[in-house]
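A quick write-up on the structure given underneath.
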Amino acid sequence: MKKLFTAAALVGLSAAASAQGTVNVICSVQAEWCNVIAAVYARTTGTRINMSLKGSGEALAQLIAEKDNPKTDIWFGGTGDPHLQAAEQGLTLEYKSPTLAHLHPWAQQQARQSGYRTVGIYSGPLGFGYNPELLAKKKLPVPKTWADLLKPEYKGDIQVANPASSGTAYTMIATLVQLMGEDKAFDYLKALHRNVGQYTRSGTGPIKAVARGETAVSISFVHDGPGEKMQGFPVETITPSDGTGAEIGSMSIIKGARNLEAAKKFYEWALTPGAQELGAANKQFQLPSNANAKLDPRIPDFKKIRFINYDYAKYGASAERRRLIARWEKDVNSLPR
């Protein structure tokens, strides 16, 4: 922690003299990362930070409920789709950061598509987690393509989250629809359903189950694997060779924020390289959006991954999300396994 304070101080010094008051933040990344962000920011700027930890779905629901009397100033992290929905519903504030030019193109695109009501702060590819010890014990091959997951030998040995509660699982549906076409994607999801042993509520649940030997394979964001491996669990990750999507974790200032200037200062700090490097320092290995951030070697190498041309604007829209999830509930989740 002391090292983190020292590193973050270097990026916070310019703001330290002027930052003051209070900022209320909903944080939708892992708890350890949220807590360090709060501690480092408060220490290096003198600003009081009230941090509330919520999943992205819960965060969006809170913002909708508080639309007429917002109690939150800024929303940090979580899959980008709910941030785009918040922008679409007028819950977030248009703000063009002077730091935008230093961000990766995908982060700048996220800002443009939202009318500058949100911005990308990290990205992580969708893929598979697997337990090599369990695969060896069951004599199962490592899955390398989406089609591999349909093989009968994986029956009951795959976990994925429920898209109604998980941004990870919704990203999977949207990825498959764009990769295969909608009808073929839902035929695929019906076939996959036969091999799924459990749909978890949380997007990180399946890879944690893989790490602990509770299931052999997960559909997960692959940046969640290294943190489990660092704890000594047998877990590896791979991205499908036939193409995959990625999340763009985002950040938004809330329209009607009570502490608007403090929110803008936090927003600018969160886009600096030093602040973004706190993710990897807390075992979170997404790719930071600031192109000048130093990269931990455990962060997935995007140059080696085959990505689809993911349409974040279309699949981040509220109506499209509701429609696809409703179809999944009706056509897939209602089927026996």
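Checking the conditions here, which among Y95, Y122 is assigned to a loop (DSSP other than H, G, I, E, B), closer than 23 Å to A257 by Cβ, touching a residue at least 12 places away in the same chain (Cβ under 8 Å) and not hydrophobic (A, V, I, L, M, F, W, C)?
Details: Y122 fails: assigned to a loop (DSSP other than H, G, I, E, B).
It is Y95.
Looking only at region 204-234, filter to residues that are outside any helix (DSSP H, G or I) and open to solvent by 10 Å² or more (accessible area, probe 1.4 Å); which one of those is nearest to P288 (Cα to Cα)?
Of the residues in region 204-234, the ones outside any helix (DSSP H, G or I) are 204, 212-221, 231-234.
Now restrict to residues that are open to solvent by 10 Å² or more (accessible area, probe 1.4 Å): 204, 212-214, 231-234.
Working: T204: 19, R212: 28, G213: 30, E214: 31, Q231: 23, G232: 25, F233: 25, P234: 26 Å.
Per the criteria, the residue is T204.
Looking only at region 82-131, which residues are buried (at least 21 other Cβ atoms within 10 Å of the Cβ) and β-branched (V, I, T)?
T92, T118, V119, I121
Among the residues of region 235-249, is there at least one that is on the phi > 0 side of the Ramachandran plot, open to solvent by less than 10 Å² (accessible area, probe 1.4 Å) and part of a loop (DSSP other than H, G, I, E, B)? Explain how you work it out, then say what you get.
Looking only at region 235-249, we keep the residues that are on the phi > 0 side of the Ramachandran plot, and these are 243.
Now drop any that are not open to solvent by less than 10 Å² (accessible area, probe 1.4 Å), which leaves 243.
Of the ones still in play, those that are also part of a loop (DSSP other than H, G, I, E, B) are 243.
Yes: region 235-249 contains one or more residues that are on the phi > 0 side of the Ramachandran plot, open to solvent by less than 10 Å² (accessible area, probe 1.4 Å) and part of a loop (DSSP other than H, G, I, E, B).
Of everything in region 254-289 that's of a type in the set (D, E, K, R) and not in a helix (DSSP H, G or I), which residue is surrounded by the fewest Cβ atoms within 10 Å (Cβ to Cβ)? Outline the logic, then answer.
Filtering region 254-289 down to residues of a type in the set (D, E, K, R) leaves 255, 258, 261, 264-265, 268, 277, 283.
Still in the list and also not in a helix (DSSP H, G or I): 255, 258, 277, 283.
On the way: K255: 18, R258: 15, E277: 20, K283: 18.
Here the residue is R258.
Quick one: which residue in K71, K144 is under 25 Å from N35 (Cα atoms), part of a loop (DSSP other than H, G, I, E, B), out of contact with any Leu (no Cβ under 9 Å at 6 or more places or on another chain) and in contact (Cβ under 8 Å) with a residue 24 or more places away in the chain?
Details: K144 fails: under 25 Å from N35 (Cα atoms).
None of the others qualify; the one that does is K71.
Taking the condition of being in a loop (DSSP other than H, G, I, E, B) and open to solvent by 10 Å² or more (accessible area, probe 1.4 Å), how many residues in region 147-192 meet it?
Summing the residues that are in a loop (DSSP other than H, G, I, E, B) and open to solvent by 10 Å² or more (accessible area, probe 1.4 Å) in region 147-192 gives 8.
So which of A42, A101 ends up being touching a Lys or Arg at 6+ places or on another chain (Cβ under 8 Å), outside any loop (DSSP other than H, G, I, E, B) and modelled with pLDDT of 95 or more? Write out each step before concluding.
On the way: A101 fails: touching a Lys or Arg at 6+ places or on another chain (Cβ under 8 Å).
Just one listed residue meets the conditions, A42.
The values are calculated or read from the model by the stated rules, or taken from the named source; none is laboratory data. Not measured: the values here are computed from a predicted model. We place every Cβ from the backbone using ideal geometry, glycine too, and count neighbours over all the protein chains shown. Heavy atoms of the whole protein, side chains included, go into the accessibility calculation; ligands, DNA and RNA do not. Shrake-Rupley method; radii C 1.70, N 1.55, O 1.52, S 1.80 Å.
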